[in-house]
Amino acid sequence: MKGSYTVEMAMLFPLIMVSIIVVIYMAFFIHDRTVMSVAAYQSAMRAARITDETVDVASEAEKACKDILKKRFISTKNLNVKVSVNVSKVKVSCKADFVIPNGVIWIKELRSRGFRLSAERQATRLNPTEHVRVIRKVV
């Protein structure tokens, strides 16, 4: 009877460990996806507030997004940031690969390509002085 507990634990322990590891990497995935989404939004908002026409808004937004994400990712690599700017909007698109280490996952296809994260956020460009004048007319 004493040996049966050992056999049962020998069968259950790998399942428990795999479950714990899956939950941990799911938390990493959600963290990295959320951080990327917030960084895209913050950089779009920063770029939308730039009114100086001598400044390259797209490069400033890309630099801001990469600066925000530089040290915040846990398991994401190969960040790619695209910024499109027109008269009324700034759109920031981020794409990256969520990488799982080789020893953790045994499915070959997932291990080789990982998961793709993407976030796309946009902000409306406003001229601050014109915006204040419009609001004062309404009030």
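The values are calculated or read from the model by the stated rules, or taken from the named source; none is laboratory data. In this text, all values refer to a predicted model and were calculated from it rather than measured experimentally. Note: ideal-geometry Cβ built from the backbone for every residue, glycine included; neighbour counts use all protein chains shown.
General remarks:
- Candidate set from segment 1-58 (those that are more than 21 Å from the chain's Cα centre (by Cα) and among the acidic types (D, E)); member that is nearest to F73 (Cα to Cα): D56
- Boolean, A48 is under 30 Å from H131 (Cβ atoms) and either out of contact with any strand residue (DSSP E or B) (no Cβ under 9 Å at 6 or more places or on another chain) or buried (at least 17 other Cβ atoms within 10 Å of the Cβ) (or both): yes
- For segment 75-106, filtered to residues that are touching a strand residue (DSSP E or B) at 6+ places or on another chain (Cβ under 9 Å) and over 17 Å from S118 (Cβ atoms), the residue that is modelled with the lowest pLDDT is I100.
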